[in-house]
Amino acid sequence: MSGMLTWYSGKDLLNPACGGPDPTDSSLVGAVSASSSKVGSCGDRVRVTKDGNSVVVTIRDWCASCGPNHMDVTKGVFSQIAPLTVGVLQGVTMVKVADDDDGS
């Protein structure tokens, strides 16, 4: 599936809807729409890829402003795909992966 990637940070990372400890800006986690996500749901692992750069992200939170093909990720994830100054990436490939996929 092709979709959009944005990033979030700071206080927005606190108290993730899926539970567990608060992630940091360097955590490899993301947030998706609670009601309409085609990307995945709490606990799912998703490989996000753009222009040959790829990262495996664990969904840990809900994103109120995200549409069905949109994932909001930490700075740590986004910066492995593109510079933070880009802000919004379109045409990002997102594919669910198995729990034992190490991302390589």
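Could you tell me whether any residue of the stretch 38-52 is part of a loop (DSSP other than H, G, I, E, B), surrounded by 12 or more Cβ atoms within 10 Å (Cβ to Cβ) and touching a Pro at 6+ places or on another chain (Cβ under 6 Å)? Yes; the residues of the stretch 38-52 include at least one that is part of a loop (DSSP other than H, G, I, E, B), surrounded by 12 or more Cβ atoms within 10 Å (Cβ to Cβ) and touching a Pro at 6+ places or on another chain (Cβ under 6 Å).
One residue alone among VAL29, VAL46 is over 12 Å from MET94 (Cα atoms) and at pLDDT 95 or above, and that residue is VAL29.
When residues in the stretch 59-77 are screened for being surrounded by 18 or more Cβ atoms within 10 Å (Cβ to Cβ), closer than 11 Å to THR6 by Cβ and not β-branched (Val, Ile, Thr), 5 of them pass.
Look through the stretch 13-37, keep the residues that are outside any loop (DSSP other than H, G, I, E, B) and touching a helix residue (DSSP H, G or I) at 6+ places or on another chain (Cβ under 9 Å), and return whichever of them is surrounded by the most Cβ atoms within 10 Å (Cβ to Cβ). Taking the candidates together, the pick is GLY30. Out of ASP51, ASP22, ASP61, one residue alone is on the phi > 0 side of the Ramachandran plot and not basic (Lys, Arg). It is ASP51.
The values are calculated or read from the model by the stated rules, or taken from the named source; none is laboratory data. Just so we're clear, the structure is a prediction, and the values are computed from it rather than from any experiment. For neighbour counting, all protein chains shown are included, and Cβ atoms are generated from backbone atoms with ideal geometry for every residue, glycine included.
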